[in-house]
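J.: The structure follows.
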Amino acid sequence: MLAEELETPRTMFGRGVGLMFRKTLDPGRGMWLIPCSSIHMMFMNFPIDAVFLDSRERVKKVYRKLPAWYGIVWWEIGARSVLELPPGSTSGIDLQRGDQIVIQ
């Protein structure tokens, strides 16, 4: 399990702000940005793991421990959404391109 609870911003503004300005993201929590095919780390106060998913929630790309203020993770071709998770959430899990993620 990658996260027990996901926030899902419903507006473009909410997705744009995402996790910016927060102090931390508790273990077991995360944010699901949909629709979304690129992210930025500007104004982020902590690193995250980011999992880019296609329209059927299959893994397109995994970024582990993206540092705060890293900049932009450019458009991931075919991505429809992104899971933003606490750093280390994907460690020890062999996530590969095409793996199915179940979001309930």
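J.: With r as the distance between the Cβ atoms of PHE43 and ILE77 and R0 = 22 Å, compute the FRET efficiency 1/(1 + (r/R0)^6) and round to 0.05.
T.: My answer for the efficiency is 0.25.
J.: OK, next. Can you run phi through the Karplus equation (6.51, -1.76, 1.60; θ = phi - 60°) for segment 82-91 and list ³J(HN,Hα) in whole Hz, with x for Gly and Pro?
T.: Once θ is set to phi - 60°, the couplings for segment 82-91 become 9, 9, 9, 10, x, x, x, 4, 9, 5 Hz.
J.: Okay, moving on. Under a cut-off of 20 Å between alpha-carbon atoms, report the aspartates and glutamates in cross-link reach of LYS60, not counting same-chain residues fewer than 8 places apart.
T.: Counting by Cα, and skipping residues close in sequence, LYS60 has these aspartates and glutamates nearby: ASP49, GLU76, GLU84, ASP94, ASP99.
J.: If you don't mind, another one. What number, rounded to the nearest 500 deg cm²/dmol, is the helix-based mean residue ellipticity at 222 nm of the chain, given -39500 (n - 2.57) per DSSP H run of at least four residues and division by all its residues?
T.: When only DSSP H runs of four or more count, the value is -1500 deg cm²/dmol.
J.: State the antiparallel share, in %, of DSSP beta bridges confined to the chain, rounding to the nearest 5.
T.: 85 percent
J.: Something else: Could you tell me the extents of the chain's C-alpha atoms along the three principal axes, largest first, rounded to whole Å?
T.: Reported extents, whole Å, longest axis first: 31, 28, 24.
J.: Could you rank the peptides 8-21, 77-90 by their average count of other C-beta atoms within 10 Å per residue, with the highest value first?
T.: Going from most to least packed, we get 77-90, 8-21.
J.: Further question: Please report the relative contact order for the chain, taking Cα pairs under 8 Å with a sequence separation of at least 6, and give it as a percent rounded to a whole number.
T.: RCO, the chain: 30 percent.
J.: Name the residue from PHE13, GLY98, GLY88 whose Cα lies farthest towards the positive end of the charge dipole of the chain, charges +1 on Cβ of Lys and Arg and -1 on Cβ of Asp and Glu.
T.: The Cα lying farthest towards the positive end belongs to PHE13.
J.: Same structure, new question: To the nearest 0.05, what FRET efficiency results for LYS23 and GLN96 with a Förster distance of 35 Å applied to their C-beta separation? Spell out each step's value before the answer.
T.: Details: r = 32 Å, r/R0 = 0.92.
My answer for the efficiency is 0.60.
No lab work stands behind these numbers, since they all come straight from the coordinates. Just so you know, these numbers come straight off a predicted model, no measurement behind them. Note that each Cβ is placed from the backbone with ideal geometry, even for glycine, and that neighbours are counted across all protein chains shown.
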